[in-house]
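Let me begin by presenting the structure, written as structure tokens, before commenting on it.
The values are calculated or read from the model by the stated rules, or taken from the named source; none is laboratory data. Bear in mind the structure is a predicted one, so any value in this text is a computation, not a measurement. Virtual Cβ from ideal backbone geometry, glycine too; neighbours counted across all protein chains shown.
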Amino acid sequence: MAEQNDLAKSANQRKFRVSPLNFATALFFIAAAYIFITGIKINGLPSGNWSNTIAWIFILFGFVVSFLDLIFRNFFTLTKNLWIVELSFITLVLIIFFLVK
């Protein structure tokens with residue numbers, strides 16, 4: 001009986017696992033807050049208020065990355081495997097970004 005209680009306690013007490021997509025989510029939300037507060041100007045475009053639009057895009061990216069982090073956490077229970085997969089995903093996205101650019 002005591003062993004079952006110990007197993008139940010350990011199953012209920014999950015620790016927060018830090019992952020690369022957590023840092024990416026925080027970066028997107030910080031960038032959005034910074035843009036909301038200070039505003040930005042895009043060179044080469046007619047004057048207009050693009051700050052709010054770009055800030056909302058960063059917020060959307062933050063929610064998408066947060067959702068992807070939840071999906072990856074369900075598939076990969078070991079933290080080491082989670083880090084490998086998420087770093088590989090970030091690397092793949094960066095490679096595709098630079099190839100398209």
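Okay, here's what the table says:
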item: Selection from the stretch 34-83 of residues that are among the β-branched types (Val, Ile, Thr) and farther than 18 Å from Ala24 by Cα; result: Ile37, Thr38, Ile40, Ile42, Thr53, Thr77
item: Out of Ile42, Ile59, Ile37, sole residue that is among the hydrophobic types (A, V, I, L, M, F, W, C), loosely packed, with under 15 Cβ neighbours inside 10 Å and assigned to a helix (DSSP H, G or I); result: Ile37
item: Some residue of the stretch 62-84 being over 26 Å from Lys15 (Cα atoms), within 17 Å of the chain's Cα centre (by Cα) and modelled with pLDDT of 95 or more; result: no
item: Test for Phe72: is it of a type in the set (Phe, Trp, Tyr), on the phi < 0 side of the Ramachandran plot and touching a Leu at 6+ places or on another chain (Cβ under 8 Å); result: yes
item: Any pair with Cβ under 6 angstrom, 6 or more apart, that starts in the stretch 77-88 at a residue that is touching a residue at least 24 places away in the same chain (Cβ under 8 Å) and ends at one that is of a type in the set (A, V, I, L, M) and in a helix (DSSP H, G or I); result: Glu86/Leu21
